[in-house]
Each structure stands twice: as C-alpha cells, then as structure tokens.
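Visitor: Sharing a structure here in structure tokens format.
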Amino acid sequence: MKIKSRVIKYGDDINTDVIFPGRYLEIIDPNEMAEHAMEDIDTHFLEKVKNAKIIVAGKNFGCGSSREQAATCLKYAGMSAVIAKSFARIFFRNAVNQGLLVIECKNADKIEEGNEIEIDTEEGEIKILDSGEILKVKPLPHFLTKIIDAGGLMEFIKMRGENEI
Amino acid sequence: MTLAEEILSEKSGMKVEAGDIVEATVDKAMSHDNAALVIKKFEEIGLPLKIPEKIVIILDHRVPANTIKTAENHKIIREFVKKNGIKNFYDINHGICHQVMIEKGHAQEGMLIVGTDSHTTSYGALNAFSTGIGATEMASVWATGKIWLKVPKTYRIEVNGNLPEMVFAKDIILHIIGHLKSDGANYKACEFHGIVKKMSLADKITIANMSMEMGAKTAFFGGGDGIYEKNFEFDISELSPQIACPHTVDNVKNIEDVEGKEINQAVLGSCTNGRIEDLRVSAKILKGRKVKKSVRFLIFPASMKIYRQALEEGLIKIFVDSGGVVMNPGCGCCLGAHEGILAENEIAITSTNRNFRGRMGSKNSEIYLASPATVTASAIEGKIADPRKFS
C-alpha cells in the first residue's frame, strides 16, 4: 500500500478525550462521529483534513479510553494514516480494527507540519518528499495488514465467512 | 511463568510465553452503554451470538438517560438483551460496571475477561487477566467467543514500607504513575508485590484500575516466578498525599506543592474510588463539618449495594448534612457526559481516574486527581487541602 499526502502534526500523549470527547459518545453513526474529530485539541482540524490525510504525532498517541470512536472519527473525517512515535495499545487495536493504517516511527519528529510524505507499507518506508529523506519503519505483522487491507475487522470477518477470528 | 503467561496458556490451550500471539477463549465479555455500538457492529457481521452466557451488559455511563439519543441506545440494548436471552444484564439501578462485575461474581481469579472499557484492568485485583477492547472487537468476541492477544511482558512492581496516615492506595498508584509516566507500562502486565499484595480488595481494585493510566494491558497482585522485563521498587514510608495535576495523569506532585488552589467542584466516586471504604474515609473527615459554600461536592457511590450500605451506616446523612449532593451510581461525571459538568475556567478535584483537558466539561477547565481523603479535605476548605490536618 502506498499513500501520499501532506501531514498534520501534533505532540505527545494525544488522548482519546481530545480526539473524540466523551460528551459525544452516544453517537453511533460514523459520519456524525467525524464531525467532532479532534474537536478539543484543534478546532481547525476538519478544514486541515481537506489538504492533509496523514496525522503525525509524538509518543503515546490515543492514550486513555477504549472508545473506538477515536479511530473511527479520524477515518471517517478522511484520514488515511496516523504515524506516531508510539501508540497506546487499545487505540492501536481499534485503529487496525477500523481499517485505519497506524505506523510506529521512532523518527516521526523529522516530519514537519505541512510536509508532503509518501508511505510505502510494503517497503516499510516513509519518504519526506520535501527533503527526500527516507525514514525506515517496522512493518506491521502480516495478519494485521490483512485486517487493514480488508478495510477493518468487520470486513475481514465477513470476508473469511466463518465463525472464527 | 508470569501470571499473564499462565492464564493465557490455559485460555489458548498451549504453553505460551511473552511475545507469542495467541487466540484465547474469553470467559466474560463486558460492555456498558456502548453495547449499543457493539450491537450495531454485531448485526453488521450477521453471525449468530456464540456466547450469550458469557456476555455481561451493565448500564452506567449515562444513567438515567440524559438525552433522547442515549435513551434510544438504552432501548436498543434492552430489546437486544431480551430478544437474545442475555441473562447478565444490569439496568440503571445497579451501578458502575467494574464494581458490579466484581460484586456479582462475574469477575473471578484466573479468568480471561475483556470489556469495552479501558478500566477493565480493575479485575486484576482478583488476579484475572482483564483488559479493554473496542466495540468492533467486542462484536467479534460475541460472534466467536475468542480474541487474539499478544502475551505481554511483565513488570514487577514492589511496594514496601508502612503506609503513613491519610495516605492510601490511590496515593501509591499515583506516585507510581508519576514515576513510570503515562506510557511507562504500555502493553505490559504489571505484577504488584510487597505491601499492596496484602491490601484490601477495594485498594487492589483502585491500583489495578489506575494501572491503565500508565498503559498497562493488565495487572496482578503477587504471582509467579517468571521472567520480568523490568523490576521497580517503591518505598512509601515517607509518602505525602499525591495529586495528579492538569492535564495528564502522570503530572503527579506532593500535596504540599499544590495545596491552597481554589476549587469549584469536588467529586467522590467512580470505578476508581467509589467503594464503601472510600465513602467511610470521606464521611469520617466530614462528620460535624461543612462543605465550603463555594464548592459543589458530588458523591457517587460505585454501586447500589454500596449506596444501601452507606445508608445503613449513616454515611449518606453525613454527606447530605454537610452540604454534599449524593448522586446515583454512574460514570457520567468522570467523563464529562452527564451530571456535574465543568464550566470554563472551573477547577475540580476528584477521586476519579483521568484529568485530560476537557474530560469533565469545558476544555478550559482543570482537573486534579487525588484520594477520597484529599478530595474531602479540599471540599471542606474550598481549596486543595492536605487531608493530614484532619487526622
């Protein structure tokens, strides 16, 4: 999979409550969830998404609640991938299950707000197109990429068409 | 073997070690109000319900319903439960999911429990392997009875010393989180040893519950003789009451460095600190005193069983006489969804578990996390206060 886009950048410990505030948890329609994505940390997020489909962040992205709306709202807001120095574990699982590409990259700092980058998941590379620099990343385990490729756990299970994971 | 390896070996039917990815059989699958989202996902999968007897649904996040949308979600859940013969359903008159899971015996030692709530780690107090998952994954568990898990590496955390007066389990775990930081135990199982192993069930629940705030996948007390990735040792003999300052749980300070800050709201309760032991500590400090007029003191017993016990012990009268507001058991206030929302520039001290920006209301409000004793002392003084002056 290759994804090319400009990036939106955030810092460390971006938690689930600022990605998708608790007051909206009663929403179960994903398009409606998207309307509140990142609302408590970046009121311009939905405008920025028009030109940038990749989030780049620091350590512990998605810490806090188990709410999968945090991953769902980003996907339905138009995000193609989240790159972070590290992810909180439940968010990471939820993102994979929602079919949102998540990439751990220790050198995420090297990517700057507004940079255009290209992710190549097969090569395990992120290329910063502005500078030409290439960042190596650890590829996801094969069975996780299969879930993401299917578009999420739901589609994956339906595709498998059998009563097991 | 570590306890994590022992339990996941049993649940996957093969001998496993840290780092292995296993497909394990789930013993209990817990959801709360977000069961409405799980149901939506489950119906999209279109497979039959494989484990109706293992499903537990407890309404607690927005109870009673605060909006039409929430009311509709609750209705979807009640209808699904009835249609599918799910016996372990607890409507709004029972309490907070983690407390109810333990009170009703759904969580037990050695079980593998998943829940659509991050504080599912609470059942580590009973030495269950318990962890939080999302709604889609829960739908898959409902359909298959299984989940894939990476067997976590384990941190051994030993706590020694004599607990000083007015210092509690909450202070210990805040102290540990302050050292390990918000991602310090990410993906790890935490085994707690030393004095915390001998603490009450209530104290262990507080510690296991808050382990999530340093990223832990699951928590245990005591345990095997396995290979630990890291060892930590804490001596708490000289520990001051601890307080987590805005806006991260690992921003932990001694009470001496924070006391004197004026507050608007004090909250006692939640899955972290709403048990009878917590209410007793608070009522003992409050007895014969008044909550400062400028403070709204909200008390949320963690379950109706605890509420009833507090009634019988006369604690509720003490709360009400002092000017506190006793609420029904629930989570709403802790996550800013319901009951007790903060306005712009307001400051709360709370016995709950997260102080993220905007969690309890306005994104320009502030949340300080502390023990029930510190919360109560602060409610009386109208500012963040050291509970030791009430001992």
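The values are calculated or read from the model by the stated rules, or taken from the named source; none is laboratory data. Quantities reported herein were computed from a predicted structural model and do not represent experimental measurements. All Cβ positions, glycine included, derive from the backbone under ideal geometry; neighbour counts span all protein chains shown. Accessible surface is based on the protein model in full, side chains and every heavy atom, while ligands, DNA and RNA are left aside. Shrake-Rupley method; radii C 1.70, N 1.55, O 1.52, S 1.80 Å.
Visitor: Along the Cα→Cβ direction, 7 angstrom out, place labels at residue A:42 and residue B:293. What is the inter-label distance in nm?
Guide: 4.7 nm
Visitor: Tell me the Rg and the Dmax, in Å, that the Cα atoms of chain B produce.
Guide: In order Rg, Dmax, the Cα atoms of chain B give 20.3, 61 Å.
Visitor: Let me ask you something else. Provide the convex hull volume over Cα atoms per residue for segment B:246-390, in Å³.
Guide: 88 Å³
Visitor: Inside 10 Å of the C-beta atoms of A:85-94, what's the mean count of C-beta atoms belonging to other chains?
Guide: Mean partner shielding for this stretch: 6.
Visitor: Which entries in the list A:9/A:127; A:158/B:54; B:28/B:197; A:59/B:69 go over 27 Å, if you measure between the two C-alpha atoms of each?
Guide: From the list (A:9/A:127; A:158/B:54; B:28/B:197; A:59/B:69), the Cα-Cα distance tops 27 Å for A:59/B:69.
Visitor: Quick one: of the DSSP bridges fully inside segment B:1-133, what percent are antiparallel, nearest 5?
Guide: Here the share of antiparallel DSSP bridges comes out near 0 percent.
Visitor: Okay, moving on. Using a basic spin-label model with each label point 7 Å from the Cα along Cα→Cβ, how many nm lie between residue B:235 and residue A:149?
Guide: 5.6 nm
Visitor: Here is a follow-up. About the Cα centre, and with charges only on the beta carbon of Lys, Arg (+1) and Asp, Glu (-1), how big is the dipole of segment A:2-162? Nearest 20 debye, please.
Guide: 440 debye
Visitor: Under 15 Å Cα to Cα from residue B:82, which aspartates and glutamates show up? Leave out anything in the same chain fewer than 8 places away.
Guide: Once the sequence-local aspartates and glutamates are set aside, what remains near residue B:82 is B:53, B:91.
Visitor: Treat segment B:1-122 as a sphere of radius equal to its Kirkwood radius over Cα pairs and apply Stokes-Einstein at 25 °C in a medium of 0.890 mPa s; give the translational diffusion coefficient in µm²/s, rounded to a whole number.
Guide: Estimated diffusion coefficient is 157 µm²/s.
Visitor: Which value in Å does the Kirkwood hydrodynamic radius of segment B:84-234 take, with 1/r averaged over all unlike C-alpha pairs and then inverted?
Guide: Over segment B:84-234, the inverse of the mean reciprocal pair distance is 16.0 Å.
Visitor: When averaged across all projection directions, what area in nm² does the alpha-carbon convex hull of segment B:277-335 cover?
Guide: For segment B:277-335, the mean projected area of the Cα convex hull comes to 4.0 nm².
Visitor: Using only DSSP helix segments of four residues or longer, with each worth -39500 (n - 2.57), what per-residue ellipticity at 222 nm results for chain A after dividing by its residue count and rounding to 500?
Guide: -7000 deg cm²/dmol
Visitor: Here's a follow-up. For chain A, what log10 I(q)/I(0) values come out of the Debye formula at q = 0.14 1/Å, with one point per alpha carbon and no solvent?
Guide: -0.67
Visitor: Please report the carbon-and-sulfur percent of the accessible area for chain B; probe 1.4 Å, protein heavy atoms only, DNA, RNA and ligands left out.
Guide: 48 percent
Visitor: In what sequence, highest mean first, do B:384-390, A:88-94, B:285-291 appear when ranked by Cβ atoms within 10 angstrom?
Guide: Sorting B:384-390, A:88-94, B:285-291 by mean packing, highest first, produces A:88-94, B:384-390, B:285-291.
Visitor: Residue-wise, which Karplus ³J(HN,Hα) couplings in Hz belong to segment B:371-387, taking 6.51 cos²θ - 1.76 cosθ + 1.60, θ = phi - 60°, and x for glycine or proline?
Guide: 6, x, 5, 5, 4, 5, 4, 5, 4, 5, 7, x, 8, 4, 10, 7, x
Visitor: Sticking with this structure for a sec: Work out the mean other chain Cβ neighbour count within 10 Å for the residues of B:350-360 and drop it here as an integer.
Guide: Mean shielding by partner chains, rounded to a whole number: 4.
Visitor: Mind giving me the FRET efficiency for residue B:284 and residue B:262? R0 is 25 Å, r the Cβ-Cβ distance, nearest 0.05 is fine.
Guide: After rounding, the FRET efficiency stands at 0.55.
Visitor: Please give the contour-minus-distance gain from residue B:200 to residue B:21: 0.36 nm per residue of separation, less the Cα-Cα distance, rounded to one decimal in nm.
Guide: Roughly 61.1 nm would be gained on extension.
Visitor: So what J values fall out for segment A:114-123 if you push phi through Karplus, 6.51 cos²θ - 1.76 cosθ + 1.60 with θ = phi - 60°, rounded to Hz, Gly and Pro as x?
Guide: x, 4, 9, 10, 10, 9, 10, 5, 6, 7
Visitor: Return one quarter of the surface area of the convex hull spanned by the alpha-carbon atoms of the protein assembly as shown, equal to its mean projected area, in nm².
Guide: 23.4 nm²
Visitor: Give me the distance in nm between label points sitting 7 Å out from Cα along the Cα-to-Cβ direction at residue A:35 and residue B:150, one decimal.
Guide: Rounded to a tenth, the inter-label distance reads 3.7 nm.
Visitor: Using a 10 Å cut-off around each Cβ of peptide B:67-74, what is the average number of partner chain Cβ atoms that fall inside?
Guide: Taking all residues of B:67-74 together, the mean is 2.
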